[in-house]
Amino acid sequence: MNIDNAKSQMRKGMLEYCIMLLLRRQPSYAADIIQQLKEAKLIVVEGTLYPLLTRLKNDKLLSYEWQESTQGPPRKYYALTDEGERVLAELEGAWKELEHAVNVLMQKRETEAEEQQ
């Protein structure tokens with residue numbers, strides 16, 4: 001098994017959810033989103049982020065607004081739509097179910113390992 005590939009696939013599966021979590025806090029432009037993801041150890045490049053943002057926008061989960069910048073050209077700020085908020089709530093439920101299932105399996109393994117000692 002290629003561990004790096006497995007880790008990459010796990011991150012890809014969570015990326016849209018994580019982007020939506022960030023945008024729930026406040027509208028952001030792409031460079032800010034990338035920086036926040038990097039701080040969370042989810043390394044993303046622009047070539048990955050922009051197609052995701054476009055897909056989320058086309059699915060009506062995000063909207064955007066151009067805002068003037070004091071540091072260069074206008075910036076496109078993305079924000080969650082009402083539909084995005086609804087979908088994010090569903091994703092949070094799915095995440096909690098998945099997290100619970102993984103925790104149960106991990107605890108079972110730890111309990112079995114302790115019993116074998």
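Taking 24 Å as the cut-off for C-alpha to C-alpha distance, list the pairs among K12/K41; K38/K108; K12/K108 that go past it.
K38/K108; K12/K108
Would you mind checking the tilt of helix 82-116 against the longest principal axis of the Cα atoms of the chain, expressed as 0 to 90 degrees and rounded to 10?
On a 0 to 90 degree scale, this one is about 20.
Let me see the P(r) profile for the stretch 46-104: every Cα-Cα distance counted, bins of 5 Å, each bin given as a percent of all pairs.
For the stretch 46-104, the pair-distance distribution reads 4, 17, 16, 18, 16, 13, 8, 5, 3, 1, 0.
Pick out, in residue order, every one of the trypsin sites (Lys or Arg not before Pro) in the stretch 23-70 that is DSSP loop and has at most 14 other C-beta atoms within 10 Å; say none if there are none.
K41, K60
What list of ³J(HN,Hα) values in whole Hz, one per residue of the stretch 9-23 in order, does the Karplus curve 6.51 cos²θ - 1.76 cosθ + 1.60 (θ = phi - 60°) give from phi, with Gly and Pro shown as x?
Residue by residue, the stretch 9-23 yields 5, 5, 5, 4, x, 9, 4, 4, 4, 5, 4, 5, 4, 4, 6 Hz.
Work out the length of the dipole vector of the chain about its Cα centre, built from +1 on the beta-carbon of each Lys and Arg and -1 on the beta-carbon of each Asp and Glu, and round it to the nearest 20 debye.
Charge dipole, the chain, about its Cα centre: 420 debye, nearest 20.
Quick one: divide the alpha-carbon radius of gyration of the chain by 2.2 N^0.38 Å and tell me what you get.
In units of the globular-protein estimate, the chain measures up at 1.34.
Please get the size of the charge dipole for the stretch 1-51, origin at its Cα centre, with Cβ charges of +1 on Lys and Arg and -1 on Asp and Glu, quoted in debye to the nearest 20.
Dipole of the stretch 1-51, to the nearest 20 debye: 160 debye.
Any idea which of A89, I33, N2 is furthest toward the positive side of the dipole for the chain, if Lys and Arg beta-carbons carry +1 and Asp and Glu beta-carbons -1?
I33
Read-outs: derived from the displayed coordinates by stated rules, not from any lab. Remember, it's a predicted structure, so these values are computed and weren't measured experimentally. When we count neighbours, we look across all protein chains shown, and the Cβ atoms used for this are built from the backbone with ideal geometry, even at glycine.
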